[in-house]
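The values are calculated or read from the model by the stated rules, or taken from the named source; none is laboratory data. In this text, all values refer to a predicted model and were calculated from it rather than measured experimentally. Cβ: placed from backbone, ideal geometry, glycine included. Neighbour counts: every protein chain shown. When the accessible area is computed, the model is the full protein with side chains, heavy atoms only, and any ligands, DNA or RNA have been set aside. Shrake-Rupley method; radii C 1.70, N 1.55, O 1.52, S 1.80 Å.
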Amino acid sequence: MTTASPPVAQSVDEARIGPNAIIQVVAAIEHRWGPETAAALLSEATTYTPDTLPHDMVDEREPLALVRLLLDRMGADAAAPVLHDAGVRTARYLLAHRIPPLAQWVIARLPRRLGLALLLRAIGAHAWTFAGSAAFSVGWYRGWPTLSFTGCAMCRGLTLHRPICTYYAGTFEHLFRTLVAADITVTEVACQAQGVPRCRFLVAGR
Ligand SMILES: [Zn+2]
C-alpha cells in the first residue's frame, strides 16, 4: 500500500517549506560549531540572520542553500549528524507545539503498527509543511513503513557518496521513538544525491 501526499504542491519555483528547516539547522550548527559559524553560514546561504530567523513558511531553496553550504564547508560525513540533530530538534518542536497532546496520548497506547499508521496518516496530511515541492509517500513492507520523497527538497541537485537527508531521518525517528516505541530506527537507505530517483527511508524496530 502506498499513499502519496495530495498533489497540492507547489511548483519548484514557488514551493515553500516550514521554517524549522532553517531554524533547527541553525541551532544544530550552533550546538556543534558555535554561534559564529552558524551566523556566518546562515547569512551567506540565505536572506536571514540569527536575529531575523523566519517564523513563517520559507522558500524551499533557502534551507537547501544552507545545507549545500554546510556540506561544502564541513563535508558530508561531518554535516550528516548535525542535520540529524536538526531533525531531532524539529521533532521536539512538533511534539511541543504541533501534535495535540490527546493525539500523542492515543498513539502511544495503540499497538505499534496501528500507532505508526495513525501517526503517518497525520504526517502525510501535513506533508506540505515539510516536503515543499517533493511528493511524500508511505509504503509498508513486512509490517514496517517505508517513507519516500520524490524530488526531495533537502538534497535536490546534490551529488554525494552517501545519503544526506538525515534531517528527515532524525525528525521521523524522534517522533516514532517518543510516540510509538523507543527502539525504532529510521535510516535513509537511498538518497537522490546518490543518483537514485527518490530518497527512501526504512523504519525498523523489534
Ligand atoms: Zn536524500
Requested in this report: List every residue pair whose Cβ atoms lie under 6 Å apart, where the two residues are 6 or more positions apart in sequence or sit on different chains, the first residue falls within the stretch 159-186 and is of a type in the set (A, V, I, L, M), and the second residue, located anywhere, is assigned to a loop (DSSP other than H, G, I, E, B) and within 12 Å of the ligand (Cβ to nearest atom).
Outcome: I164/C155; I164/C191
**Report entry** Scan of the stretch 123-144 for residues that are free of Cβ contacts under 8 Å to residues at least 60 places away in the same chain and surrounded by 15 or more Cβ atoms within 10 Å (Cβ to Cβ), ordered by number
**Finding:** I123, H126
Report summary line: Counting only residues that are of a type outside the set (F, W, Y) and under 12 Å from the mean Cα position of the chain (by Cα), the stretch 135-158 contains a total of 6
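When you look at P63, is it closer than 20 Å to F130 by Cα and of a type outside the set (V, I, T), yes or no?
yes
For residues in the stretch 55-104 being aliphatic (A, V, I, L, M), part of a helix (DSSP H, G or I) and open to solvent by 50 Å² or more (accessible area, probe 1.4 Å), which is nearest to G115 (Cα to Cα)? Write out each step before concluding.
Going through the stretch 55-104, the residues aliphatic (A, V, I, L, M) turn out to be 57-58, 64-67, 69-71, 74, 76, 78-80, 82-83, 86, 88, 91, 94-96, 99, 102-103.
Those left that are additionally part of a helix (DSSP H, G or I): 64-67, 69-71, 74, 76, 78-80, 82-83, 86, 88, 91, 94-96, 102-103.
Right, trim to open to solvent by 50 Å² or more (accessible area, probe 1.4 Å) and you get 74, 96, 102.
Details: M74: 38, A96: 19, L102: 13 Å.
So, considering only residues that are aliphatic (A, V, I, L, M), part of a helix (DSSP H, G or I) and open to solvent by 50 Å² or more (accessible area, probe 1.4 Å), the one nearest to G115 (Cα to Cα) is L102.
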Query raised in the report: Counting only residues that are open to solvent by less than 50 Å² (accessible area, probe 1.4 Å), under 25 Å from L118 (Cβ atoms) and within 12 Å of the ligand (Cβ to nearest atom), how many does the stretch 167-206 have?
Result: 6
